[in-house]
Structures are given as C-alpha cells and as structure tokens.
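This report concerns only the one structure given below.
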Amino acid sequence: MTWLLSISPYEEQKRVALLMAAALFEGASIGPLIDMAIQIDSSVLITAFVGTAVAFGCFSAAAMLARRREYLYLGGLLSSGLSILLWLHFASSIFGGSAALFKFELYFGLLVFVGYIVVDTQDIIEKAHLGDRDYVKHALKLFTDFVAVFVRILVIMLKNSTEKEKKKKRRD
C-alpha cells in the first residue's frame, strides 16, 4: 500500500496492479478468519458481507447527500479513536486482556471505521471538486474501510453464533 501511494498518479497501470496486489494480500490476511467462519457457520459469512455492503452503501450515501464538507471535521475525532484502539490493543498485549476489553475494542472499532466510511467518502468528493481524480488512491481508502468493517461485523456475528450454540448445548 505504501508503494502504491508513493508512485506518481500518471503511472496508472502500475498503480492499478499494485491496488490489485494490495487487495490480494488484504484478502490473504483475513483468509484464516473466513476459513474459521466457514467451519463454524457458513451462513454467517454471507450475512456479514451483505450487512457490511448495506452499511457501506448507507453511510456512503449519507456522506454524499450531506452538505459539502459537513463530516470532514470528524476525521480528527476518528483518528483519536483509532489511536485509543491502538494503545488499548498494545496495553492488552502487555498486561493481558479481558473479554470486556475485547468487546470494547470490537464495537468501538466498528464505530470508528463506519465513521471513516463517511469521512473518506466526503474527502474523496471534496478532492474531486478540487480536481484530484486519483481513483486508485480513493478506491484503496474505501476498500480498506470496507475490509475493516467486514472483519469486525464477522467477528461479532461469529461470537454471537458460538454463544448461541453454547447456550443450546447447555439446555440439552
């Protein structure tokens, strides 16, 4: 991704190829999670994807229909939220985490990345108004947001699915 962002926008074919490579590596990095989801309950995977697509569409539409630059100011707040998530994860890896901290990171991370969908969509629109037509960089931003939301929704749904199965086994 860094290589892609460092190349001149005029080298379009190379940048698109790097975008595809970044998408491949991003997909490979979440491959084990998807494999686990298929083993637990394959319907959860489709539901998480559709839910992510609907959320992405709704929040992008909200950003497109909002007044110009209305949500761009949330970027600083979202960056602070991302920093909090980073430090919480760092602290939990050193001092040991808890289930409550994991849940907080999961749901707060979902909130932060859904917010990034809105901010990045408005940022792309604003840059397009100013003449920045770098669709490869913009696609990378939105793809990263989509994957971050998808992973969190999938983990939440898998966690709920396994908790339901445990309750069902206890009753039997």
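Listed values, structure above:
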quantity	calculated
Filter result for the condition that a residue is surrounded by 13 or more Cβ atoms within 10 Å (Cβ to Cβ) and free of Cβ contacts under 8 Å to residues at least 40 places away in the same chain, over Phe143, Phe95, Phe108	Phe108
Residue list for region 52-69, restricted to those being closer than 19 Å to Val147 by Cα and either of a type in the set (A, V, I, L, M) or not in a helix (DSSP H, G or I) (or both)	Ala53, Val54, Ala55, Ala61, Ala63
Among the candidates Val136, Val118, residue that is more than 23 Å from Phe25 (Cβ to Cβ) and surrounded by 13 or more Cβ atoms within 10 Å (Cβ to Cβ)	Val118
Qualifying positions in region 30-46 - open to solvent by 80 Å² or more (accessible area, probe 1.4 Å) and within 16 Å of the chain's Cα centre (by Cα)	none
Among (1) within 17 Å of the chain's Cα centre (by Cα); (2) closer than 18 Å to Phe143 by Cβ - the single one Met64 does not satisfy	(1)
Residue within region 47-60 that is surrounded by 11 or more Cβ atoms within 10 Å (Cβ to Cβ), within 18 Å of Phe143 (Cα to Cα) and among the hydroxyl-bearing types (Ser, Thr, Tyr) present	yes
Region 39-83: number of residues that are in contact (Cβ under 8 Å) with a residue 12 or more places away in the chain, of a type outside the set (A, V, I, L, M, F, W, C) and within 23 Å of Lys127 (Cα to Cα)	6
Per-region count, region 39-64, residues among the polar types (S, T, N, Q) and either at positive phi or in contact with a Phe, Trp or Tyr (Cβ under 7 Å, 6 or more places away or on another chain) (or both)	1
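The values are calculated or read from the model by the stated rules, or taken from the named source; none is laboratory data. Predicted model only: the values in this text are computed from it and were never measured. Glycine also receives a Cβ, built like all others from the backbone with ideal geometry; neighbour counts cover every protein chain displayed. Just the protein is used for accessible areas: all its heavy atoms, side chains included, with ligands, DNA and RNA removed. Shrake-Rupley method; radii C 1.70, N 1.55, O 1.52, S 1.80 Å.
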